[in-house]
Amino acid sequence: MQKIQVKPGAKIDDYKAYGSLYSSVLDFLENVKNPIGNLSGCTIWMINSTAIGGGVAEMLPSQMRILRELGISIEWLVIETSDNDFFNLTKRIHNAIHGSGNGAFTDADREVFEKVNRDNLPTALKLINDGDIVVIHDPQPMPLAEMIRERKDVSLIWRCHIGLDDETETTDSVWAFLAPYLDHYNHFIFSLPEYVPRNLKKKTSVIPPAIDPLSHKNRTLNLHKCIGILHQSGIIDEDIRILYHPYKHQVRRVMPDGSFGSVNQHNKLDFIYRPIVTEISRWDRLKGFKELMQAFIRMKIDNRKKGDPDSLEYKRTEMALLVMGGPDPAFVSDDPEGKAVLDELTQAYQEVDEELQNDIAILLLPLDNPKENALIVNAIQLCSSIVVQNSIQEGFGLTATEAMWKRRPILVSGAAGLRFQVQDGKTGKINDDPTDIDKLVATLSYMLHNTKERDKWGFNGQLRVIQNFTLFSQLVSWLEVFSKAKQKLI
């Protein structure tokens, strides 16, 4: 187990300096006075499975910096293992909670699950003291609760960032597998009410995830900075002078033969000159990448068959570029399923007509430097005409929140976490069934050609994020839970 050091970052006054955030910060400071006073003398421990990549790892540093500025003691631990069986198991658990897979788990699975957590226990016991509050995130470290409770008098909270707004045979099976671990927690936190198992409803708080508006992934980028990042990362390669040196690891692109090469190696992407449709996520079948690519190709083919070559709509569709971005497998050793999904997407791309291949870019984003990765995502989203999250299932979907904050029009599926964020026709568009290619084509085309609507959705989206999905609204709820936990009220 590793203790993660959180680097200095934005302070409360930095957020307050932004007019759009000023009221949120003042409300936050007013609402947390009492909870803060109840937390003296204890440390809050956040425990999850990774320090890089994923929503938990992105949210924690900003939350911790704000809480520490308020005088709260908070630390972050990450479990460690090289056991591939553990990664395969926890991915199956993740999928099953989303209703995917058969949900079948064995005694051997339980043995792997508990062994990895038991191996990480000694470090936790050295650091955690009686009276502390321990928050365990998602299934990977879930068995730690019982092990810690045997030796320490602490309050234990399980924070689940995933879920499905339905009960199926698969979800029933995975919750049955996890049931022995649930009894050892004092309280639970889920992202949406629909995700809470019936037997936990009386012991659960609902706290939606949120973004940090001043993080590298969400901060404002002026035009020359945005272009500079795209140049530093290798997405554009114009012969221009830039202020900073190129990144050590460049963005790579899937080539027509299935190999990985530099972004402009096979053909010039002309990234900043085209209408761009973007989806950035981890390589996961539940993210709907393949269906989005099918819809984009169909839109192009239909345009060539039925469109008027002299019309602006025809030309806009012809120029449109689909960007699908995810982690470069060179930097991910613990996600074998992600590599398999990328291979499937690559194979589908290889089967696309060569002329259409030039209008699709599967980009592999390096993860060696979290700041650079965040800036690359930020720049790509800012350049996009439409940001898509076409998930089959989605626990929440911070990529949608990020896009709305940047005033990018968003197209999402009807997955519960996305439907909770996006207001159809006001902050973006919802295409309920991400596998319905005909409807996805129609929605993509509508959004691409209604530029004034896109501007309206973008402005409305940012306002919705400010009101509901920044870290300040989230931290108020967290502090209320912490305060009750310290007072043994939960």
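Okay, here's what the table says:
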{"quantity": "Residue in the stretch 156-173 that is at pLDDT 95 or above, more than 24 Å from residue 415 (Cα to Cα) and out of contact with any strand residue (DSSP E or B) (no Cβ under 7 Å at 6 or more places or on another chain) present", "calculated": "no"}
{"quantity": "Matching residues in the stretch 288-302 - criterion: being touching a strand residue (DSSP E or B) at 6+ places or on another chain (Cβ under 7 Å) and assigned to a helix (DSSP H, G or I)", "calculated": "289, 292, 293, 296"}
{"quantity": "Which numbered condition residue 394 misses (of (1) of a type in the set (D, E, K, R); (2) modelled with pLDDT of 95 or more; (3) buried (at least 23 other Cβ atoms within 10 Å of the Cβ); (4) closer than 15 Å to residue 292 by Cβ)", "calculated": "(2)"}
{"quantity": "Of the criteria (1) surrounded by 21 or more Cβ atoms within 10 Å (Cβ to Cβ); (2) in contact with a Ser or Thr (Cβ under 7 Å, 6 or more places away or on another chain), which one residue 275 fails", "calculated": "(1)"}
{"quantity": "Condition check for residue 52: among the β-branched types (Val, Ile, Thr), buried (at least 16 other Cβ atoms within 10 Å of the Cβ) and outside any loop (DSSP other than H, G, I, E, B)", "calculated": "no"}
{"quantity": "Conditions (1) touching a residue at least 24 places away in the same chain (Cβ under 8 Å); (2) over 23 Å from the mean Cα position of the chain (by Cα); (3) surrounded by fewer than 20 Cβ atoms within 10 Å (Cβ to Cβ): number failed by residue 464", "calculated": "(2)"}
{"quantity": "Helices (runs of 4 or more DSSP H) enclosed by the stretch 400-490 - at least 2 residues per element that are under 30 Å from residue 136 (Cα atoms) and charged (D, E, K, R)", "calculated": "471-486"}
{"quantity": "Residues that are over 28 Å from residue 475 (Cα atoms) and either aromatic (Phe, Trp, Tyr) or in a helix (DSSP H, G or I) (or both), drawn from the stretch 96-116", "calculated": "96, 105, 107, 108, 109, 110, 111, 112, 113, 114, 115, 116"}
{"quantity": "Exclusive hit being in the same structural domain as residue 235 (by TED's automatic domain parsing) and more than 23 Å from the chain's Cα centre (by Cα), set 426, 456", "calculated": "456"}
{"quantity": "Extreme residue, farthest from residue 93 (Cα to Cα), among residues of the stretch 368-424 that are charged (D, E, K, R) and touching a helix residue (DSSP H, G or I) at 6+ places or on another chain (Cβ under 9 Å)", "calculated": "407"}
{"quantity": "Helices (runs of 4 or more DSSP H) (entirely within the stretch 310-386) containing at least 3 residues that are closer than 16 Å to residue 297 by Cβ, in contact (Cβ under 8 Å) with a residue 12 or more places away in the chain and assigned by TED's automatic domain parsing to the domain that holds residue 228", "calculated": "312-319, 336-350, 354-357"}
{"quantity": "Odd one out for residue 305, checked against (1) loosely packed, with under 14 Cβ neighbours inside 10 Å; (2) touching a strand residue (DSSP E or B) at 6+ places or on another chain (Cβ under 8 Å)", "calculated": "(2)"}
{"quantity": "Strands (runs of 3 or more DSSP E) wholly inside the stretch 134-224 containing at least 3 residues that are surrounded by fewer than 20 Cβ atoms within 10 Å (Cβ to Cβ)", "calculated": "204-206"}
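The values are calculated or read from the model by the stated rules, or taken from the named source; none is laboratory data. What you are looking at is a predicted structure, and each value in this text was computed from that prediction instead of being measured. When we count neighbours, we look across all protein chains shown, and the Cβ atoms used for this are built from the backbone with ideal geometry, even at glycine.
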